[in-house]
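The values are calculated or read from the model by the stated rules, or taken from the named source; none is laboratory data. Keep in mind that this is a model prediction, so the values were computed, not measured. Glycine gets a Cβ as well: all are built from the backbone with ideal geometry, and neighbour counts include every protein chain shown.
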Amino acid sequence: MAATAARLTTVSRRLTATQGLNGFTIEELCEEVGVSRRTFFNYFPSKEDAVLGIDETEETERFATEFLALGSRGWRAVLDDFMLIAAGHAERSGFGLAEHVDFHAALEREPKLLVRFMGLNREREQLLVELIAVREGVPADDPRARACADLFGMAIKTTMARVFGSGVADLGQGGEFDIVGSIRDCLATYRTILEPADPESADAGPTAAAPQNPHTNPTPRKDLP
């Protein structure tokens, strides 16, 4: 079942990227995928939903079950668990770089899809915060729960910027890019930056004197007339 839904999403993204939402019908999409119109509506209520790959109930329940089953093991483990589950999702979906490139092109071509996608992301982020809070036994407005969700979201955005910026999107024509690995590297970088400084580290070096503002009058010397 998941493979059929993924195939419908893959083809609908490619068709939207090249022809726009109005450039193909559900029947044409189904014919290319090799399924019936009835099968399509078993998975998605519209072409827009197929492009976005929405199956909120199944994905939310799967993520919640897996995330909560891992149990609370401290705040640092939250990001590790995100990556573990995200890697599993990526493997199940079968989406590679080419599919992500098509999705990006589809969003650029159809602004209304982009607006809806951004709204869905906000909803998912809030659900993620609430789920983290439940597992860690803290209130839903605990800043640590929000910080974990924000860091993971930032890692995803950074990775997508790498894919679609600086000509990397050309890799969609047959190149390779480890999206999950890139997200993991981003999180590792954030952890390095956020690691508390060791004041006794030999690498810290002497404290540099604060530079003087050249536009500020220096304090006059008392020994001068």
**OP:** Filter the range 1-20 down to residues that are assigned to a helix (DSSP H, G or I) and of a type in the set (A, V, I, L, M) and give me whichever is farthest from the chain's Cα centre (by Cα).
**Re:** LEU15
Subject >> Identity of the residue in the range 25-40, within 18 Å of PHE103 (Cβ to Cβ) and either among the small types (Gly, Ala, Ser) or touching a Lys or Arg at 6+ places or on another chain (Cβ under 8 Å) (or both), that ends up surrounded by the most Cβ atoms within 10 Å (Cβ to Cβ) >> reply: LEU29
Original post:
Would you say GLU58 is assigned to a helix (DSSP H, G or I) and over 28 Å from the mean Cα position of the chain (by Cα)?
Top reply: no
**OP:** Go through the range 92-209 and tell me which helices (runs of 4 or more DSSP H), entirely inside it, have 2 or more residues that are modelled with pLDDT of 90 or more and in contact with a Ser or Thr (Cβ under 7 Å, 6 or more places away or on another chain).
**Re:** 97-109, 111-136
